[in-house]
Structure formats: structure tokens, C-alpha cells
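Notes follow once the structure below has been shown.
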Amino acid sequence: MFKKSGYVWVIALLLLIIAADGYYQSQSSPVPIWQTEWFLWRVCAVVAIILGLLYYGYIMAGKKKQKEFEEFKAKVLEAQEKEWKVIAGELHDSIGQNLSAINIFLQQNIKASSNESGNLQQASELVVETIDEVRRISQKLYPKQIERLGLTVSIQAMAERLSAATGIKFDVQIENIDNVLTRENEVQYFRIIQEILNNIIKHSGAKNASIIIKRSIMFITTEVNDDGKGFTVSPSSMLGFGLLNIEERIRIVKGVYDFKSEEGKGTDFKITIPVK
Ligand SMILES: Nc1ncnc2c1ncn2[C@@H]1O[C@H](COP(=O)(O)OP(=O)(O)OP(=O)(O)O)[C@@H](O)[C@H]1O
Ligand SMILES: [Mg+2]
């Protein structure tokens, strides 16, 4: 295929040939050139070339717009992810730390006043609950455990946690996928799995779900199935951000996906992403 500049040269050459031909014809024609059949055909050819050029420009402009829009969406998600990481850090380090300090202070006062079931104790319990809540929110904003425990264990732990909280049986078969993606892509991939699992517990009503993650030299392939009620994709099913974000994140990690879902037959996600 020609590149863009290749097309311009071919068209310039065609126009040059038509112009040179026109000049030759006008010199040798006995009647005015616009009265000849030759002229009619050449006008048609020039009009066809101009129309072709306009169409080409229109298609290219559309493609460029689409590409710019996709880049914009990817940038928004990436910026959001960075922002969340900062907020998670602030929450954990400053608010979490202050709360821990408050709790130590309260415990010292409880001991000093030997009032172990009074208001101070209640306040201390509330502070401990708040610390847990802050940790949970900060974990949600940025899955820091990926850095500590690796992606493989983080996904396993997420499935176990959701299974314990909801009673849905998650069958997790996961090969080691630590350090095969860049750190940014690890977070993106984790978010994709997180949203698929969130959707299962929120919408599917499933009893069983399975997560199969395999790693080859070049790809990570992922299959997530549930035996829930399934759904059909319609404008109303696209009101949430989850599926749209999954699509966008898969584009960011340069992967491909396919999902099948039918009312009453569960949902089946297949995702393939390249390793770094
Ligand atoms: N595993 C599933 N089983 C059944 N229905 C599903 C499943 N996953 C998604 N859906 C349907 O697809 C819709 C769109 O999902 P999506 O994640 O985009 O939005 P949401 O979960 O409703 O909102 P959000 O993700 O923004 O909190 C859901 O409202 C639900 O009806
Ligand atoms: Mg969702």
C-alpha cells in the first residue's frame, strides 16, 4: 500500500499526464477542444479524481478524530489512575497515621483512667474501624498489594475475599504472572479483573464463577465465566462505566477481548494481552 505522500505523487502524476495530453490534443484538434469526446472523458476523469480525493480526506479525518478521541480517553484513565494513587497514598500515610496516633493516645488514657468499657474505649474502637475503612478505601483507590505481593497473589486474594463476602464459589486457576507486565499495565489488568468480578457479584446472581489465567511467552490469556443470569448488550446495559472502562483499559494494555453473555446463560469473558 502507498503511504499518504505516495498517493499525492500518483495523483499529481495523473493530473500532469492529463494536462500534457490536453496540451497535445489542443494543438492537433481541428475543432475547439471542449467540443470533442476526448474532452468529456478527461473532465469525467478529473471530477472522479477530485471526488476520490475528497472522500479519502473525509475518511482520513474521521479516522484521525476517532484516534484522537481514543487517545484522549486513555489519557483520562491514566491521569485518573495517577490521581487515585496520590489520594490513596495521602489517605494511608497521613490520615491513617494520624488515626493510629489518636488510637495510641486513647489507649494510654484508657489505661491511666482504668476505664476499659467507657466512652474512651468506644472512641478507640471507632478509631480502629475508621483505620480499617481508610485502609480499604486506599486499597481500592490504588491496589498497593500488587507491589508487595505480586499480581498473581493479589488476584487470588481478591477472588478469595469476594468469595468469602458473597458466598459465590470462585474457582481460580492462575499461572504466575508476576513481573510480566509493566507496573502501569499490572494496575490496568488488575482493574479489568476487579470490574469483571464486581459485575459478577453485583449483577449476575451466580453461584459459581471461574477465573483461568494462563501465561505463554508472548501473552496472558484470561477467561472469566459465571453461571449467573447473563445479559444482553443494549443501550440501557451500557449506562454504567464498568464495561466501557474495561474496553478502554484493554486498549491501553494493547490487548483484545471477546465476551459472550446471553440472558439466563451466564457471562463469559476472554481477554488476551501481550506481556512486556
Ligand atoms: N456478569 C454479569 N452478569 C449479569 N449482568 C451483567 C454482568 N456484567 C455486567 N452486567 C450487566 O451489564 C450492565 C453494565 O455493566 P457495567 O459494569 O458497565 O455497569 P454497572 O456495573 O451497572 O455500573 P458501574 O460498573 O459503573 O458501577 C450492568 O448494569 C448489568 O446489567
Ligand atoms: Mg460494573
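Brief remarks follow.
- Stretched out straight at 0.36 nm per residue, the stretch from Val8 to Glu125 would grow longer than its current Cα-Cα span by 34.7 nm.
- For the range 1-103: rounded, prolate or oblate by the Cα gyration tensor [a/c cutoff 1.5]: prolate
- Packing rank of 221-234, 26-39, where each peptide gets the mean count of other beta carbons within 10 Å, highest leading: 221-234, 26-39
- Proximal lysines to Lys85, defined as alpha-carbon separation beneath 21 angstrom and excluding residues fewer than eight positions away on the same chain: Lys73, Lys75, Lys140, Lys144
- The residues packed around Ile250, meaning those with a beta-carbon under 13 Å from its beta-carbon, carry a net charge of +1 if Lys and Arg are +1 and Asp and Glu are -1.
- Fraction of beta bridges assigned by DSSP in the chain that are antiparallel (%, nearest 5): 80 percent
- Model label points for Asp132 and Ala45, set 7 angstrom from Cα along the Cα-to-Cβ axis, are 8.3 nm apart.
- For the chain, the relative contact order works out to 13 percent when only alpha carbon pairs closer than 8 Å and six or more residues apart are counted.
- Antiparallel bridge percentage (DSSP; both residues within the range 155-276; nearest 5): 80 percent
- Residue-count net charge about Ser261 - beta-carbon cut-off 15 Å; Lys, Arg +1, Asp, Glu -1: -4
- Relative contact order (%) - criterion: Cα under 8 Å, at least six apart; region: the range 59-189: 23 percent
- Within the listed set Asn109, Asn198, Asn179, the Gaussian network model of the chain (springs between alpha-carbon atoms below 10 Å) gives the highest mean-square fluctuation for Asn109.
- Pairwise label distance in nanometres, Ala61 with Ser210, each label 7 Å out on the Cα-Cβ vector: 5.2 nm
- When the Cα gyration tensor is reduced to axis lengths a ≥ b ≥ c, the ratio a/c is 1.5 or higher for the range 219-260, and with a/b not above b/c it is classed as oblate.
- Between the range 17-54 and the range 230-276, the Cα center-to-center distance that results, in Å: 54 Å
- Here the calculated FRET efficiency for Gln145 and Ile102, from their Cβ-Cβ distance with R0 = 30 Å, stands at 0.75, rounded to the nearest 0.05.
- Sorted by Cβ neighbour density within 10 Å, fewest at the top, the residues Ser261, Ser138: Ser261, Ser138
- The range 195-254: C-alpha gyration tensor shape, a/c 1.5 cut-off, then a/b vs b/c: oblate
- Residues listed by number, the range 60-90, amide nitrogen under 16 Å from Phe241 label point at 7 Å toward C-beta: 72-88
- Efficiency of FRET between Asp21 and Glu68 - r from beta-carbon atoms, R0 45 angstrom, step 0.05: 0.65
No lab work stands behind these numbers, since they all come straight from the coordinates. Given the structure is predicted, the values throughout are model-derived calculations rather than measurements. Virtual Cβ from ideal backbone geometry, glycine too; neighbours counted across all protein chains shown.
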